[in-house]
1. Take every Cα-Cα pair in the protein assembly as shown and report what % of them are more than 47 Å apart.
2. Once amide H atoms are placed 1.01 Å from N in the peptide plane, what residues at a sequence separation of 5 or more from A:Asn208, or on another chain, have their amide H within under 5 Å of its amide H?
3. Relative contact order for chain A using alpha-carbon pairs under 8 Å, separation at least 6, rounded to a whole percent?
4. Name the shape class, rounded, prolate or oblate, that the alpha-carbon gyration tensor gives for segment A:75-188, where a ≥ b ≥ c are the square roots of its eigenvalues, rounded holds for a/c under 1.5, and otherwise prolate holds if a/b is larger than b/c and oblate otherwise.
5. For chain B, what D do you get in µm² per second when you plug the Kirkwood radius from alpha-carbon pairs into Stokes-Einstein at 10 °C and 1.306 mPa s?
6. Taking neighbour Cβ counts within 10 Å as the exposure measure, how do B:Cys113, A:Cys40 sort from fewest upward?
7. Identify all lysines with a Cα-Cα distance to A:Lys105 below 21 Å; exclude those on the same chain that are fewer than 8 residues away in sequence.
8. Determine by what factor the alpha-carbon radius of gyration of chain A differs from 2.2 N^0.38 Å, reporting the quotient.
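Only the coordinates and a few stated rules stand behind these numbers; no lab work does. Everything quoted here is computed from the prediction, not taken from an experiment. For neighbour counting, all protein chains shown are included, and Cβ atoms are generated from backbone atoms with ideal geometry for every residue, glycine included.
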Amino acid sequence: MAILEIRNVSRRYADLSAVDEVSFSVEAGEFFTLLGPSGCGKTTLLRMIAGFEAPDAGQILLDGVDLADTPPEKRPVHTVFQSYALFPHMTVRDNIAFPLKMAKKPEAEIRRRVQEALEQVHLSDKSSHFPHELSGGQKQRVALARGLVNQPRLLLLDEPLGALDAKLREEMRGELIDLQREVGVTFVFVTHSQQEALALSHRIAVMNRGRVEQLDEPSRLYGYPANRFVADFIGDINLMEAEVTEASQGHLRLRVPGLGEVMAPPVLDARAGEKGVLALRPEQARISAHAQTAELKNHFHGTVRGFLYLGDVTVYTVELDNGISMDALLANSAPGRAKFFDIGDDVFIAWRHDAGLFLRE
Amino acid sequence: MRGCFSVSEGNLAKRAIVPLSRLRERAGERAKWLVSLPPTLFLLVFFLAPSLIMVAASFRYPGEFGGLAPLFAVSGRESGLTLEAYRFFFGDFTYLEIFLRSFAVAGLTTLICTLMAYPLAWLIARSPKKHRDLMVLLVILPFASNFLIRVYAWIIILGPLNLLYSSFAVIVGMVYVHLPFMVLPLYTNLEKHDPALLEAAQDLGANAWTRFWRITFPLSLPGIFSGAALVFIPVLGMFAIPELLGGTGDILIGNLIKEQFLDNRDWPLGSTLSLMLTVAVLGLAALAAWAGRTRRGRAG
């Protein structure tokens with residue numbers, strides 16, 4: 001059974017709809033992520049689950065019980081705040097012991113569980129330190145330990161990695177995955193970083209303007225975005241206006257202004273004359289100095305207009321003969337790579353007929 | 001070979017730069033001293049010097065018409081140095097009694113001010129930002145009218161109620177005059193509290209009462225302490241309020257000191273009383289600092 005169920009939840013601020021008829025459920029033990037740009041309603045939704053705000057309509061059920069009449073302090077749901085919100089006048093030990101003291105656990109149990117939590121987040125040697133004596137990563141760990149120590153049914157995480165620098169963020173990502181697997185607590189994670197969401201989550205709900213645009217596993221979201229917003233928000237992608245000229249069982253034939261005729265995988269119920277966008281990931285587009293063999297149906301000539309060297313890969317921006325620009329990605333480890341292209345080089349861009357995706361608006 | 005060259009060049013450059021930056025550091029140190037010198041001198045001259053004069057005066061004989069008797073004998077009158085004032089002070093139990101009463105009045109005033117100021121400061125700190133400045137202004141507005149006039153106003157209020165010239169009237173006046181000194185530091189402290197801390201406490205299972213006792217109150221202690229210092233110490237030395245609102249039995253150290261200088265013309269005794277008051281306050285401050293340190297030590 002689902003541990004958390006969101007049923008048609010809405011929340012309005014004045015004339016702004018922060019959360020608009022949202023429904024989904026989270027399974028026990030899941031690492032569930034709410035992903036979206038700032039102002040998409042993800043934090044409002046999280047605050048409603050924690051109990052700091054009440055939905056205007058709809059229900060939030062935990063283990064099948066409506067939470068409407070349960071104040072935040074009575075919900076078996078703990079939050080890791082973006083600012084950590086560690087109590088500055090308490091030591092690391094006292095911070096972590098706080099939820100246990102609130103639950104009136106016996107002294108011996110508190111001592112034992114705080115010690116366990118400290119070990120879990122590798123902070124045993126910092127137990128007598130005050131928050132201001134800790135680094136950002138250590139504060140983050142204390143906040144996690146404090147949120148998990150009383151074994152909540154749900155741990156809510158509000159952009160917990162947002163305040164850390166890039167290197168530390170990557171490190172904490174790994175620790176977060178391990179920690180969640182270890183404790184088995186259900187995580188509901190809020191972030192605006194698609195990378196973080198893809199790396200951490202079992203499932204992701206992509207939100208925009210108060211609505212869930214798509215809810216799926218990371219690889220499905222990346223490979224099969226449901227619409228233009230999701231395609232654009234998750235990862236890098238080439239989006240080109242397109243019109244269906246021929247729809248059959250095996251393929252779609254598209255006309256892309258500024259490019260030409262493109263073959264794409266079939267879409268359910270597509271009709272000739274339908275308009276939408278062609279979405280193609282840069283890593284699906286092959287870039288080469290010579291014309292490719294005929295197995296690649298989509299084949300265009302163009303000129304390199306710019307490139308971004310990222311170390312492991314290089315992303316080339318290529319202007320095609322009919323005027324449209326596309327990004328193509330080349331792994332720098334590619335075997336037999338003829339050469340590193342330069343601005344102004346003549347190149348060919350090609351991709352398989354079953355790559356790319358036709359999306360209705 | 002080229003590598004070797006560049007390394008030695010780097011060393012040369014470093015040798016040239018390091019002393020320069022050290023010079024700059026030294027210049028910065030000097031500037032710090034220069035800037036802080038005038039206020040330091042001011043305090044030294046106008047605080048320390050009078051205090052020392054007071055200490056010296058407490059060991060002298062009173063002059064015939066006020067002031068101090070000369071240090072060297074003139075026509076058989078008392079002169080030179082003496083412990084007379086101290087003998088007087090420690091020899092008469094009434095002085096100690098007045099000291100103790102003064103501390104009790106100051107303590108009670110501070111306690112009442114804290115209890116009254118806390119909800120008000122909290123309310124201001126929790127109000128919308130645009131209203132806060134106006135509310136703070138209202139708190140300090142009484143300062144716009146003269147202190148004596150405000151105390152006389154209390155005579156008019158308490159007189160008909162038959163409450164005048166009593167310890168009660170003194171406490172009322174003391175609290176009234178010193179309340180803003182408690183509200184302002186408390187407000188400044190409470191306003192800085194991160195609301196996320198209360199949310200976190202609630203999220204982790206704390207009810208409203210626990211949130212106050214475990215989070216808001218301990219975090220506001222520095223505000224309470226600075227407010228307490230601003231109330232307690234002035235109340236100890238206050239003489240106008242007991243004189244105007246209190247009865248004959250309500251005189252405090254302030255009245256005693258004032259009497260020695262203005263009525264009895266016994267400067268040495270007045271100086272001794274002032275000195276004893278200063279020593280008592282400093283002792284109390286030292287005690288508070290020590291208590292604060294051991295408390296933190298236990299937490300750490």
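1. When every Cα pair of the protein assembly as shown is considered, 48 percent fall beyond 47 Å.
2. Placed amide hydrogens put A:Glu213 under 5 Å from A:Asn208.
3. 15 percent
4. Judged from the Cα gyration tensor, segment A:75-188 comes out oblate (a/c at least 1.5, b/c at or above a/b).
5. The estimated diffusion coefficient comes to 66 µm²/s.
6. A:Cys40, B:Cys113
7. A:Lys105 reaches A:Lys74.
8. That works out to 1.20 for chain A.
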